[in-house]
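Here's the structure we're looking at; comments come further down.
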Number of protein chains: 2
Amino acid sequence: MKQVILVNGALKLPRGKLAAQVAHASLGSFLLTSKSAQREWLGDGMPKVVLHCESEADLLQFESRAANSKLPVALVRDAGHTVVEAGTVTCLGIGPADDSAIDELTGELKLVK
Amino acid sequence: MKQVILVNGALKLPRGKLAAQVAHASLGSFLLTSKSAQREWLGDGMPKVVLHCESEADLLQFESRAANSKLPVALVRDAGHTVVEAGTVTCLGIGPADDSAIDELTGELKLVK
């Protein structure tokens, strides 16, 4: 089991802002996951991987693919009080779910360094 | 209501790694929070703030202060597969809890930029 969080790399968010948005996506997607999958993932040490996407359009595409695959998925739009415009898509959380289901969808993406 | 995540700034973690550790702390502390406080914070849009600490020693001190104040608190030690040594303290999640209780404890800390 694992969870991935896809980041809108076009925004070049500052470190702290990025971390908060990733945490938002992580918790949002977790809360949409079945209790049994939650428990299994928590027991595994809740593995998370943060992946780079080029644009908002990419994130929206992954959102619809994940939804088609019946995976828990949470798109994060920033409230826009500080760094970016209100409604900007910053991150997409997918899972926790089986590694294979996640990899089939996002296996080509690179880690955020 | 808000949640803060304190970061061990001495580690100078890469962006993606930092974001994953912050998400870990955020979810860990959330899961230790009462259902009623969880609901209230979720209803508020789950505000989160990522704050800078100088060292592991600082994080441990905030952990014990938060515990003394009966706040939910989750210390994250990295499994050490990749970037840092196993057992390194990377982050500390506190709350969600009332803004005033959080600010009393961490109001002096600066945002991670």
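The values are calculated or read from the model by the stated rules, or taken from the named source; none is laboratory data. Everything quoted here is computed from the prediction, not taken from an experiment. Glycine gets a Cβ as well: all are built from the backbone with ideal geometry, and neighbour counts include every protein chain shown. To get the accessible areas, we keep the full protein, side chains included, count just its heavy atoms, and leave off ligands, DNA and RNA. Shrake-Rupley method; radii C 1.70, N 1.55, O 1.52, S 1.80 Å.
Worth pointing out:
- Taking first residues from the stretch A:86-113 that are touching a residue at least 12 places away in the same chain (Cβ under 8 Å) and farther than 17 Å from A:Leu60 by Cα and partners that are open to solvent by 40 Å² or more (accessible area, probe 1.4 Å) and in a helix (DSSP H, G or I), the Cβ contacts under 6 Å between residues at least 6 apart in sequence or on separate chains come to A:Val112/B:Arg15.
- Checked against the criteria, B:Arg77 does not count as of a type in the set (Lys, Arg), open to solvent by 60 Å² or more (accessible area, probe 1.4 Å) and in contact (Cβ under 8 Å) with a residue 40 or more places away in the chain.
- Of all the residues in the stretch A:1-54, those that are surrounded by 16 or more Cβ atoms within 10 Å (Cβ to Cβ), free of Cβ contacts under 8 Å to residues at least 24 places away in the same chain and charged (D, E, K, R) number 1.
- For the stretch B:1-112, the helices (runs of 4 or more DSSP H) that sit wholly inside it and include 3 or more residues that are within 14 Å of chain A (Cβ to nearest Cβ) are B:15-31, B:35-43.
- Here the condition is being modelled with pLDDT of 95 or more, farther than 19 Å from B:Ser26 by Cβ and open to solvent by 50 Å² or more (accessible area, probe 1.4 Å); of B:Glu63, B:Glu104, B:Glu85, it holds for B:Glu104 alone.
- Test for A:Ala25: is it small (Gly, Ala, Ser), in contact with a Cys (Cβ under 6 Å, 6 or more places away or on another chain) and at pLDDT 95 or above: yes
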